[in-house]
Amino acid sequence: MFRSYETGRSNYVTFIANYIPLQDPGGGPNFYDLDTHARYQIHIAKNGHAGADLKFSFNFRTADKRLAVDAGGKQVAVPLINIGEVTPAGTDVNVMQSYTVEVENGAANGFAENLATGGTVFWKPLDNVGNRSIPDYASYAGNYVYPLAIPGCSSPGRVFVGQRKEGFVANLGEVFDLVNLNPAGARDAQPNALFDKNVTSLAVEVPIKCLTSSAEPVIGAYTTSEVIEGDGARRQVSRLGMPLVNELVIGLADKDKFNASRPEGDAQFLTYVTNPTLPVLLHTLFGGAALEPGTPRDDLVAVFLTGVKGLNQPANVTPSEMLRLNTSTPATPPASQNDLGVLGGDTAGFPNGRRPYDDVVDITLRVAEGALCGAVGNCGSEKTDPNHGTPYTDQARSAGPDAQHLTVSGAIKPTDTYLAVFPYLNTPIAGSPNTVNGLLGLSP
């Protein structure tokens, strides 16, 4: 969630919800459809509320054309997702998905209208099967960025749903292997474990004036997904607001409970924030190189639950875990963005919202280890960082040793893999040829 930094779009906020992570580009024959028995939602809170004041619900349908070929005089259904070069018309695409966007916006409820085609149906582009099927995927996918009329909003927004190059940066294997790395080492010493993966993104751009009240520029947001049971009942199975809360803050025993919960009930998880376990584990692993800040952690309450005063805390906030954005903070131009966000002096970055370029793993590690002790709230009786600004890192970053090999024309910087235009996450890696190995210079 961030103020749009595409030229001419500064009066908008972009929300991107990512699902189905760790996609191998060549994952055929079915590739990565969204669940037609699920509902994917973006919840937006105004005026410091814990509940949602504006909600976008994405519902999907699958069109199975059952394309067949003449095999010895008989029409036989093919096993592939396409049988010819893919065009926006979709003639030779065997399976495609469409979706609707249902909006709850106070009294203005209804379906968003597709201003490009009329009606309320939008289409998801086929995943990046490969260069023979889709020679110019960036141009092809661009046909699926739609202007949409949002109920209750006087100005239109934009929407895109489809496969993108994974923008998250994390040294996953080493982090989850008892932090098997040097957490005070060079930020770009290790490859990003996700550099060769794709993800499916639900991106919607909304006018700021449709998101805020006249007196309060700070909004909050989180995402959920629900499965639809056989009796039609809906059961929430995932929730995400601030990155890494469920992964590194909530205890294993309560992860499913957190996924099924809403921010209004977050008091039940407060101890995980005020008395976090990650600093204890890091101290056990690294001793004096990672000292434990004191508790209770008022600084983490500010970062995760209320927003930070003077940065992104609403005037009348109800403590609850969600991503918060001060929409009055100007967007930082792409070439000037600092991937450490607020810690790097860039107040338009995480935790004031979150941009694709923000290295949320490094930021969260440093905050968990006390980087903001005393600055935004005390750590027990401590008013200073016990680790004296140690630049903790998972040693993988977007400008690391692998990133330069995955540059796509139009990216923010020569070594980045993010676009400077909506939907901001870059063109997904093609399933064929084996572009990842080729770009890394590996032998076939």
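The values are calculated or read from the model by the stated rules, or taken from the named source; none is laboratory data. Since the model is a prediction, treat every value here as computed from it, not as a measurement. Cβ atoms come from the backbone with ideal geometry, glycine included; neighbour counts cover every protein chain shown. With ligands, DNA and RNA removed, areas are computed over all heavy atoms of the protein, side chains included. Shrake-Rupley method; radii C 1.70, N 1.55, O 1.52, S 1.80 Å.
Using the heavy atoms of the protein chains alone and a 1.4 angstrom probe, what is the accessible area of the range 1-89 per residue in square angstrom?
Working: 4420 Å² over 89 residues.
Accessible area per residue, the range 1-89: 50 Å².
Considering the convex hull of the alpha carbon atoms of the range 160-230, report its projected area averaged over all viewing directions, in nm², one decimal.
Working: hull surface 38.3 nm².
Averaged projected area of the range 160-230's Cα convex hull equals 9.6 nm².
Using the Cα centre of the chain as the reference point, and only Cβ charges (+1 on K/R, -1 on D/E), how large is the resulting charge dipole? Debye, rounded to the nearest 20. Intermediate values should be presented prior to the final figure.
Working: 32 positive and 44 negative charges, 166 e Å.
With Lys and Arg at +1 and Asp and Glu at -1, about 800 debye.
Averaged per residue, what accessible surface does the range 186-271 expose to a 1.4 Å probe, in Å²? Please list the in-between numbers first.
Working: 3600 Å² over 86 residues.
Averaged over the residues of the range 186-271, the accessible area is 42 Å².
Take each of the peptides 318-329, 234-245, average the number of other beta-carbon atoms within 10 Å over its residues, and list them starting from the highest.
On the way: 318-329: 22.5, 234-245: 17.7.
So the order, starting with the most tightly packed, is 318-329, 234-245.
Could you list, in their original order, any pairs among K209/K383; K65/K197; K257/K309; K209/K255 whose Cα atoms are separated by more than 31 Å? Working shown, then result.
Details: K209/K383 38 Å; K65/K197 28 Å; K257/K309 29 Å; K209/K255 35 Å.
Beyond 31 Å: K209/K383; K209/K255.
At a Cα cut-off below 20 Å, give the aspartates and glutamates reachable from K55, other chains included and same-chain residues fewer than 8 away excluded.
D35, E102, E104, E113, E205, E216, E226, E264, D266, E321
Using a probe of 1.4 angstrom, how much of the accessible area of the chain is carbon and sulfur, in percent?
On the chain, the fraction of accessible area on carbon and sulfur atoms equals 53 percent.
Determine the calculated [θ] at 222 nm for the chain from helices alone, applying -39500 (n - 2.57) to every DSSP H run no shorter than 4 residues and normalising by the residue count; nearest 500 deg cm²/dmol. Could you put the intermediate results ahead of the total?
On the way: 9 runs with 53 residues, N = 444.
After summing the helix terms and dividing by the residues of the chain, the value is -2500 deg cm²/dmol.
Run the dipole for the range 243-376 about the Cα centre, Lys and Arg Cβ at +1, Asp and Glu Cβ at -1, nothing else charged, and hand back the magnitude in debye, nearest 20. Write down the numbers at each step before the final one.
Numbers: 9 positive and 15 negative charges, 49 e Å.
The calculated dipole for the range 243-376 is roughly 240 debye.
For a test of the definition: using alpha carbon positions, the gyration tensor, and the 1.5 limit on a/c, classify the range 226-266 as rounded, prolate or oblate. Intermediate results must be reported in sequence, preceding the final value.
Values: a/c = 2.44, a/b = 2.17, b/c = 1.13.
Because a/c hits 1.5 or more and a/b exceeds b/c, the range 226-266 counts as prolate.
Residue-wise, which Karplus ³J(HN,Hα) couplings in Hz belong to the range 314-324, taking 6.51 cos²θ - 1.76 cosθ + 1.60, θ = phi - 60°, and x for glycine or proline?
Going residue by residue, I get x, 4, 10, 7, 9, x, 6, 7, 6, 6, 10 Hz, with x marking Gly and Pro.
Taking all protein chains together and a probe of 1.4 Å, list K74, K65, K255 from the most accessible to the least accessible. Numbers along the way, then the final one.
Details: K74 140, K65 90, K255 45 Å².
If we order K74, K65, K255 from most to least accessible, we get K74, K65, K255.
Tell me which of G152, N131, A189 sits at the most positive position along the dipole axis of the range 129-201, charges placed on C-beta atoms (Lys, Arg +1; Asp, Glu -1).
The one lying farthest along the dipole's positive direction is G152.
Compute, for the range 1-157, the length of the dipole vector about the Cα centre, with Cβ point charges of +1 (Lys, Arg) and -1 (Asp, Glu) only. Units Debye, rounded to 20. Can you show the working numbers first?
Values: 11 positive and 14 negative charges, 40 e Å.
The dipole of the range 1-157 has a size of about 200 debye.
Once you keep just the Cα pairs under 8 angstrom separated by 6 or more residues, what percentage relative contact order results for the chain?
On the way: 998 pairs, mean separation 89.9, N = 444.
Once normalised by length, the contact order is 20 percent.
For a quick protection proxy, order the peptides 301-313, 206-218, 344-356 by their average other-Cβ count within 10 Å, most packed first. Spell out each step's value before the answer.
Numbers: 301-313: 20.5, 206-218: 16.7, 344-356: 22.3.
Result, highest mean first: 344-356, 301-313, 206-218.
In the chain, what percentage of the DSSP-assigned beta bridges are antiparallel, given to the nearest 5? Provide the component values of the computation, followed by the final result.
On the way: 74 of 76 bridges.
In the chain, approximately 95 percent of DSSP beta bridges are antiparallel ones.
Just to confirm, what accessible area per residue do you get for the range 303-354 at 1.4 Å probe, in whole Å²? Before the final figure, lay out each step's value.
Details: 1870 Å² over 52 residues.
Ligands and nucleic acids excluded, the figure is 36 Å² per residue.
For the range 125-167, what's the relative contact order in percent, using C-alpha pairs closer than 8 Å and at least 6 residues apart?
On the way: 38 pairs, mean separation 16.6, N = 43.
Reported as a whole number, the value is 39 percent.
In angstroms, what radius of gyration and Dmax does the chain have, counting Cα atoms only?
Just the Cα atoms of the chain yield Rg and Dmax of 22.3, 82 Å.
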